[in-house]
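Written out below as structure tokens is the structure these notes cover.
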Amino acid sequence: MAELTGKVALVTGSSRGIGRACVLKLAEAGARVVINYFSQLEAAREVQAQIEAAGGEALIIQADISQSDQVQAMFEQIMAHWGRLDILVNNAGITRDGLLLRMQTEDWDDVVSTNLRGLFNCTKRAAKIMLKQKSGKIVNLSSVVGQVGNEGQANYATTKAGILGFTRSVALEMASRGISVNAVAPGYIESEMTESISDAKRAELLQKIPFQRFGSCEEVAEMVLFLSSDKCRYITGQTFNIDGGMVMK
Ligand code: NDP
């Protein structure tokens, strides 16, 4: 029997990038999965087709995680369809980069709304279900930028640092019911979020990465799978950097 047989997993923002790799990995391990997307239905359908071709089950749900009513509807749909939720991967996130003096209030608000309000909206609803089940795994996508900062990303870095405080606080609240809450903090990962980085900037960044390359979505998904599985039984409130050694430099 596969590791996650019988489990139901929701990965927010799983039409592309790291979320896509996570939902594929969880489905491969036997979980029935929910592919949440914001704007790219075709991409979500491709992920679903890939999972179904391998014999898995996947439900697609469109929802903007920053909107409480849409998240509520998504959770109602999951419960109506599968009646349980065992794993939540809070992956969806956005950037709106700019130096502080040029950053518009809208750029600040959009990033905070998706990256933090979205995290709150989804975790609160998942927690309600998991507390009743007396089990569950929650994995939050932070970033090394939340630990070391980054020029032009004051809004994004603030949210990614905030995710760590949220992770520890919710881990404390939920530990007595056997629910773990952990975070992964990727460094530079090959995805649409990083494809606009210029060659010159890329060469500069590689100097700061001991492994001298960007990571892959799959490499992040491996850790997310571990933290979502029963192999991870005595770990909560922790952050795991997946950054090729970047924060050591
Ligand atoms: P991508 O930009 O490639 O994908 C973002 C995903 O989030 C898409 O599936 C998108 O949906 C979804 N999304 C965006 N806004 C919303 C919303 N409001 N509601 C629901 N879904 C939404 O991102 P990555 O894969 O690169 O990043 C994933 C996570 O990992 C993020 O939290 C990011 O901060 C973090 N991370 C990424 C790093 C990297 O180097 N790539 C490094 C460190 C952390 P759709 O396609 O439908 O629009």
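Some observations on this one:
- I138, I129, reordered so the largest accessible area comes first (probe 1.4 Å): I129, I138
- The eigenvalues of the Cα gyration tensor, multiplied by 5 and square-rooted, give the chain an equivalent ellipsoid with semi-axes of 28, 19, 19 Å from largest to smallest.
- Size of charge dipole - the chain - debye, nearest 20, with Cβ of Lys, Arg +1 and Asp, Glu -1, no other charges: 940 debye
- Stretching the chain fully between D97 and Q133 yields a gain of 9.0 nm (0.36 nm per residue, less the alpha carbon separation).
- Cα pair distances exceeding 24 angstrom across region 1-137, given as percent: 29 percent
- In Hz, Karplus ³J(HN,Hα) per residue of region 66-78 (6.51, -1.76, 1.60; θ = phi - 60°; x = Gly, Pro): 6, 9, 3, 5, 5, 5, 4, 5, 4, 5, 4, 5, 5
- When the Cα positions of G178, A63, Q153 are compared along the charge dipole of the chain, G178 comes out farthest toward the positive end, with charges on each C-beta of Lys, Arg, Asp and Glu.
- Adding -39500 (n - 2.57) for every DSSP H run of four residues or longer, then dividing by how many residues the chain holds, sets the calculated 222 nm ellipticity at -13500 deg cm²/dmol.
- Where only alpha carbons of region 63-154 are counted, the Rg and the Dmax (Å): 15.5, 48
- By the compact-protein rule of thumb, 2.2 N^0.38 Å, the alpha-carbon radius of gyration of region 1-42 corresponds to a ratio of 1.14.
- Region 4-33 residues near the modelled E52 label - backbone nitrogen below 15 Å, point 7 Å along Cα→Cβ: 33
- Whole-percent carbon and sulfur share, accessible surface of the chain, 1.4 Å: 51 percent
- Summarising the label geometry, the points placed 7 Å from Cα in the beta-carbon direction at K249 and D109 lie 3.8 nm from one another.
- Remark on region 123-249: ratio of C-alpha radius of gyration to 2.2 N^0.38 Å is 1.15.
- The chain, accessible area per residue, ligands and nucleic acids excluded (1.4 Å, Å²): 49 Å²
- Spin-label model, Q67/E219: points 7 Å from Cα along the beta carbon direction are separated by 3.7 nm.
- Of the residues L116, L24, T95, the one whose Cα sits farthest toward the positive end of the charge dipole of the chain, with +1 on the Cβ of Lys and Arg and -1 on the Cβ of Asp and Glu, is L116.
- Label point distance in nm, E151-E192, each placed 7 Å from Cα along Cα→Cβ: 2.8 nm
- Principal axis dimensions, region 177-248 - Cα atoms, whole angstrom, descending: 49, 25, 15
- Of K7/K134; K128/K231; K25/K132; K160/K201, pairs whose Cα-Cα distance is over 20 Å: K128/K231; K25/K132; K160/K201
- The loop-placed chymotrypsin sites (Phe, Trp or Tyr not before Pro) in region 163-223, going by DSSP, that have at most 12 neighbouring Cβ atoms within 10 Å of their Cβ come out as F211.
- A simple rule links phi to the HN-Hα coupling: the Karplus curve 6.51 cos²θ - 1.76 cosθ + 1.60 with θ = phi - 60°, which for region 238-245 gives 9, 10, 10, 7, 10, 9, x, x Hz, with x for Gly and Pro.
The values are calculated or read from the model by the stated rules, or taken from the named source; none is laboratory data. None of these values were measured; they are calculated from a predicted model. No Cβ is skipped: glycine too gets one built from the backbone with ideal geometry, and neighbour counts run over all protein chains shown. Accessible surface areas use protein heavy atoms only, side chains included; no ligands, DNA or RNA. Shrake-Rupley method; radii C 1.70, N 1.55, O 1.52, S 1.80 Å.
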